[in-house]
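Enquirer: Got a structure here, written out as structure tokens. Questions coming.
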Amino acid sequence: MIRDHFRVLVVELSTARGTIVSLEGRDKEVGGSGLAALLFNNYGKFDKPWNDPSQPLIFTIGPLTGYFPLMSKTVCAFKSPYHDQYTESHAGGRSALSLRFADLDALVITGRASKPSLLSVGSRHIELKDVHYMWGTDVQASGKMIRGLTGGSGHRSILRIGQAGENGSSMACINVDTYRHFGRLGGGGVMGSKNLKAIVIQGDGTFDLPEGKEYSRLFQEVYNKLTTTDMMDKYHNLGTPINVAVLNKIKALPCRNLQQTSDPAIEGITGEKFAEDTLLRNTACSGCPVGCIHVGFVREKFMEPNQYLYRQVSYDHEPVFAAGSMLMVTNAFNVLSIIDMCEKMGLDIMSACVALAWATEAFEKGIITEKETLLPLTFGDAKGYKEATRHLGIGSNEFYQLLAQGTLKAAAHYGGEEFACVLGQEMAGYATGEVFYISEALGFRHSHLDSGGYSYDQKHEDKDVKKAVDFMVDDEQGRVLLTSMVSCLFAREAYKNELLADCLKSVGYTTIAENMDDLSHHIQKLRWKTRLATGFNPQTVTIPKRFTEITTWKGTIDIDYLTALKDAYAKRIVTMGK
Ligand code: SF4
């Protein structure tokens, strides 16, 4: 059912009380990213640290959630343990549809529970359960327990953390329904700081679809576009790991802590190789007919002579680059075994493995020793990396505790900042050139999905600073509109503005449909204003030397162009945030 306001459940953990709040702003902040920024401005404490109990942990969905295919994501917003500034992280699974069926546009969690707890919310209930016995369990073990404790299978969404989140790690993710994650910038650490092991959202209500023929006709048109054309084929077929071979071929795949951008051994971890050897099945977020989630398996001997167990592990380009090429682990099953350990610990795979790549080079150079790492770190040694990932998750010693706060924090202490592959946070799996570096280093979420900088690099040989910065700003605005709906960004080719406007009108959001340009501009500015007000200064961002040392198919990195891009984009961000 559509409404002209937001229906928000605000839960205070210290009292276990929930309040339904009606919030104005539907025709201005829309939902998703816009609603999250609005809520942070209402509930966030700009002058207090990320782990102050009063800080909110925010989950929002959008006006099209549940009405159209691939409108299947949830925005999670919080003050990040990584940089103590406002940020967003996005995930799918069943989270968005469960919030829609629970009749909520947003869930805001404040306070700190007195004991390790599980928060369960639905359309007619809120309950805070003491689950102290789950504290210290990994994501897989706690998942099993929570599924047994709570009903609503198929309608509920289970969000939970592992030991990394319990320890307040900046690299701790929130695992969503096993195969999806609010991955980056430490949302899991925020849950840990609130003594919150898990959140179960029960999608136990119903909602009416719009009457009349127009909505059904449009739904069918969108559905057909997504399933009968080749538009989404890449995502369903080999999935995003198709990028591994492509980037390796054009010398744009970060390998060996970005000492290389290509390596022949990568043929062991291409999307094709994963599909041939490891792929069991595809699965999908609720409300998505595409199914880009590729699930492989790891098999382990747990007892002699022949007792084995297996676990299903999902893989995408980013985890494969991080646990594979960045660490030079070039066997697909070995990559899955490292991903599996990250999953157990509740660590963001990209952040953790890029940090371990830095640690390996630092170890090779003698900057750190086994006294810090507790085992020898060697590129290609999957067994060693599995163990190091475990140490990183549980924070086995001071070195791993510091590394869990971010590679640059460890490098500032031990040395080696020049080869830390950090662009605002541990880098994503593209070494395409200057525009991508600046787009990720200064981008709002420090994500490769903030704007298509990696794609711009591959399509433009010119070095026109204004053109590149205009692209980043405009592309971000388009994406902000989608993340306010909240669409999966893989559908950005399908949901062009005209179609989005038709979809909005068909469910009754005519004012939003008629003002999309102004609204996305407003939300883009609001997000930046909020981020800057929590301390971000894009003008002080630095790009570690390693990024300037590589060669791509375009040749060496042009440092003057890189610097000019950084200065110009930083100025535009400051202007947007005014
Ligand atoms: S394309 Fe993939 S990530 Fe996007 S909604 Fe579908 S299954 Fe989820």
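Enquirer: For the range 54-153, which fully contained strands (runs of 3 or more DSSP E) count at least 3 residues that are open to solvent by 10 Å² or more (accessible area, probe 1.4 Å)?
Expert: 126-130
Enquirer: Within the range 53-109, how many residues turn out to be within 18 Å of the chain's Cα centre (by Cα), farther than 29 Å from ASN224 by Cα and among the aliphatic types (A, V, I, L, M)?
Expert: 3
Enquirer: Considering the range 353-394 alone, what residues qualify as being open to solvent by 10 Å² or more (accessible area, probe 1.4 Å) and within 22 Å of the chain's Cα centre (by Cα)?
Expert: Across the range 353-394, the qualifying residues are LYS386, ARG390, ILE394.
Enquirer: On the given criteria, is ASP177 within 14 Å of the ligand (Cβ to nearest atom) and either within 29 Å of ILE161 (Cβ to Cβ) or touching a Lys or Arg at 6+ places or on another chain (Cβ under 6 Å) (or both)?
Expert: yes
Here is a yes/no grid of residues against (1) within 19 Å of the chain's Cα centre (by Cα); (2) open to solvent by less than 10 Å² (accessible area, probe 1.4 Å):
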| residue | (1), (2) |
| --- | --- |
| MET191 | yes, yes |
| ALA198 | yes, yes |
| ILE201 | no, yes |
| ASP204 | no, no |
| ASP208 | no, no |
| GLY212 | no, no |
| ARG217 | no, no |
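Enquirer: Please work out if ASN243 is closer than 28 Å to TRP358 by Cα, open to solvent by less than 40 Å² (accessible area, probe 1.4 Å) and within 16 Å of the ligand (Cβ to nearest atom). Lay out the reasoning, then the answer.
Expert: Numbers: closer than 28 Å to TRP358 by Cα: yes; open to solvent by less than 40 Å² (accessible area, probe 1.4 Å): yes; within 16 Å of the ligand (Cβ to nearest atom): yes.
Considered against the rule, which asks whether it is closer than 28 Å to TRP358 by Cα, open to solvent by less than 40 Å² (accessible area, probe 1.4 Å) and within 16 Å of the ligand (Cβ to nearest atom), ASN243 comes out as yes.
Enquirer: Could I ask something else about it? Among the residues of the range 279-314 satisfying the criterion of being open to solvent by 60 Å² or more (accessible area, probe 1.4 Å) and in contact with a Leu (Cβ under 8 Å, 6 or more places away or on another chain), which is nearest to PHE68 (Cα to Cα)?
Expert: Step by step, filter the range 279-314, then rank; the result is GLN312.
Enquirer: Still on this structure, please answer the following. Do we have any residue at all in the range 154-167 that's open to solvent by 40 Å² or more (accessible area, probe 1.4 Å) and assigned to a helix (DSSP H, G or I)?
Expert: No, the range 154-167 contains no residue that is open to solvent by 40 Å² or more (accessible area, probe 1.4 Å) and assigned to a helix (DSSP H, G or I).
Enquirer: A further question on this structure: Does the range 409-428 contain any residue that is at pLDDT 95 or above, open to solvent by 50 Å² or more (accessible area, probe 1.4 Å), of a type in the set (Asp, Glu) and in contact with a helix residue (DSSP H, G or I) (Cβ under 6 Å, 6 or more places away or on another chain)?
Expert: yes
Enquirer: Kindly establish whether GLU361 is under 21 Å from ALA164 (Cα atoms) and either touching a residue at least 12 places away in the same chain (Cβ under 8 Å) or within 16 Å of the ligand (Cβ to nearest atom) (or both).
Expert: The answer is no for GLU361.
Enquirer: Being away from the ligand (no atom under 16 Å from the Cβ), among the polar types (S, T, N, Q) and touching a Phe, Trp or Tyr at 6+ places or on another chain (Cβ under 9 Å), is that true of even one residue in the range 248-260? Step through it out loud before you land on a result.
Expert: Start the filter on the range 248-260 by keeping residues that are away from the ligand (no atom under 16 Å from the Cβ), which leaves 248-260.
When the remaining residues are screened for being among the polar types (S, T, N, Q), the result is 248, 257, 259-260.
Narrowing further to those that are touching a Phe, Trp or Tyr at 6+ places or on another chain (Cβ under 9 Å): 257, 259.
Yes, because at least one residue in the range 248-260 is away from the ligand (no atom under 16 Å from the Cβ), among the polar types (S, T, N, Q) and touching a Phe, Trp or Tyr at 6+ places or on another chain (Cβ under 9 Å).
Enquirer: Further question: I'd like the full set of residues that are under 18 Å from LEU347 (Cα atoms) and touching a residue at least 60 places away in the same chain (Cβ under 8 Å), limited to the range 364-407.
Expert: Of all residues in the range 364-407, those under 18 Å from LEU347 (Cα atoms) come to 373, 382-407.
Passing the criteria: TYR385, LEU392, GLY393, ILE394, GLY395, GLN401, ALA404, GLN405, GLY406.
The values are calculated or read from the model by the stated rules, or taken from the named source; none is laboratory data. Just so you know, these numbers come straight off a predicted model, no measurement behind them. Cβ atoms come from the backbone with ideal geometry, glycine included; neighbour counts cover every protein chain shown. Heavy atoms of the whole protein, side chains included, go into the accessibility calculation; ligands, DNA and RNA do not. Shrake-Rupley method; radii C 1.70, N 1.55, O 1.52, S 1.80 Å.
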